[in-house]
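**Student:** Okay, handing you the structure first.
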Amino acid sequence: MKVDKDKIQTCGYTVIHQDVVNGVSKRMLEEETIMSLAEFFKVFGDPTRLKILYALSISEMCVCDLAALLGMSQSAISHQLKVLRQSRLIKYRRDGKVVYYSLDDDHIRQVFAQGLAHVNE
């Protein structure tokens, strides 16, 4: 469909509410913080990682258990666990030769729960 640019209406006014711009500008996050936050949320953008996070919000689990639960290879699960560890979303503990994974802290559970509540509205 071709759009006739002559028929597109535009607003003839440019109103800048300088007091609002100044107030928000003072409260803007630093660029480094924004980049870190973007990386944090990017990790939540993968369905497999979300499944792992949800499973770990219920119980700590080892790679074998996660692989069985999700029907994936241990290698694929390990790769996703590495991403989650690097993002500090999960932690691990060793028990002999077995490594158990769990959510890093309650903040992760809260972020997940808030996202889930939002999509279920």
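Laboratory data are not the source of any read-out in this text; all were calculated from the coordinates shown. Here the structure is a predicted model, which means the values were calculated and not measured. Quick reminder, even Gly has a Cβ in these numbers, built from the backbone with ideal geometry, and neighbours come from all protein chains shown.
**Student:** For helix 74-86, what angle does its Cα long axis make with the longest principal axis of the chain, in degrees from 0 to 90 and rounded to 10?
**Tutor:** Between helix and principal axis, roughly 60 degrees.
**Student:** Also, I was wondering about something else. Placing +1 at every Lys and Arg Cβ and -1 at every Asp and Glu Cβ, with all other atoms neutral, what dipole size does region 43-119 have around its Cα centre, in debye to the nearest 20?
**Tutor:** Dipole about the Cα centre, nearest 20: 220 debye.
**Student:** When the helix-only estimate is applied to the chain (DSSP H runs of n ≥ 4, each -39,500 (n - 2.57), divided by the residue count), what is the mean residue ellipticity at 222 nm, nearest 500 deg cm²/dmol?
**Tutor:** Only helices count here, giving -18000 deg cm²/dmol.
**Student:** Now a separate question. For the chain, report the % of Cα-Cα distances exceeding 20 Å.
**Tutor:** Counting pairs separated by more than 20 Å, the tail of P(r) holds 59 percent.
**Student:** Moving on to the next point. Assuming a strict under-29 Å limit between Cα atoms, what lysine pair count do you get for the chain once near-sequence pairs (fewer than 8 apart, same chain) are dropped?
**Tutor:** Value for the chain: 9.
**Student:** Do any GluC sites (Glu not before Pro) in region 29-76 lie in a loop, going by DSSP, with at most 10 other beta-carbon atoms within 10 Å of their beta carbon, and if so which?
**Tutor:** Of the GluC sites (Glu not before Pro), the ones in loops of region 29-76 whose Cβ has at most 10 other Cβ atoms within 10 Å are GLU30.
**Student:** Further, regarding this structure: Ignoring the sites themselves, what is the longest stretch of the chain with no trypsin sites (Lys or Arg not before Pro) in a DSSP loop and at most 10 other beta-carbon atoms within 10 Å?
**Tutor:** Maximal segment without exposed cleavage sites: 3-96.
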